[in-house]
Amino acid sequence: MPRHALIVEDEENILLSLEFLLTQEGFTVTTAGDGAAALQAVRKQIPDLVLLDVMLPLIDGFEVCRRMRADAALRNTRIIMVTARGRESEVERGLALGADAYLTKPFSTRALMDKIRALLADSDGNKPAI
């Protein structure tokens, strides 16, 4: 069964690039352009993975992460914050709120896919990720 990913990004070109990358890797992909839409999407279909920007309209990525981690149904969903906000305090905040990883833009697609594979293998008890 294919993995399901939710990409939460308000910049169209980045959203399309991430969507293309994950689709090529065999994921089914849902997208959201703001934090409120992201929270609706995760309630509608629980994803295996969320790529979450921090700077989003309506509800920022930190708050989306906090709310997801407060929901027991989303406990096993892996969250990777993918953002231009890379100050140490922001990275620490994202991880403290429950993100599994924090990647600062720009990043390589290889680094992103390596992180995704590692996180999903970990969540499967070390089965192949994708």
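All of the numbers you see were taken from the coordinates with simple rules; none came from a lab. Here the structure is a predicted model, which is why all the values come from computation and not from measurement. All Cβ positions, even for glycine, are placed from backbone atoms using ideal geometry, and neighbour counts span all protein chains on display.
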For labels at Leu95 and Met113 in the simple 7 Å Cα→Cβ model, what's the distance in nm? 2.6
For Arg43, net neighbour charge (Lys/Arg +1, Asp/Glu -1) across residues whose Cβ lies under 13 Å away: +1
Gain on full stretching of the segment that runs from Arg43 to Thr23 - 0.36 nm per residue minus C-alpha separation: 5.1 nm
With n ≥ 4 as the cut-off for DSSP H runs, can you work out [θ] at 222 nm for the chain, using -39500 (n - 2.57) per run divided by the number of residues, rounded to the nearest 500? -13000 deg cm²/dmol
Based on the Cβ-Cβ distance from Asp122 to Arg69, what FRET efficiency comes out when R0 is 25 Å, to the nearest 0.05? 0.90
Exposure proxy order (Cβ contacts within 10 Å, fewest to most) of Arg3, Arg110: Arg110, Arg3
Listed residues Gly35, Gly98, Gly86; largest mean-square fluctuation, Gaussian network over the chain with Cα springs below 10 Å, found at Gly86
Mind telling me which of Ile14, Ile46, Ile79 comes out most flexible in a GNM of the chain, alpha-carbon contacts under 10 Å? Ile14
Kirkwood hydrodynamic radius (C-alpha pairs) into Stokes-Einstein, the range 4-123, 25 °C and 0.890 mPa s, D in µm²/s: 176
Once the other residues with Cβ under 9 Å from the Cβ of Phe62 are scored (Lys, Arg +1; Asp, Glu -1), what is the net sum? -1
Formal net charge of residues neighbouring Glu25 (Cβ-Cβ distance under 10 Å; K, R +1; D, E -1): +2
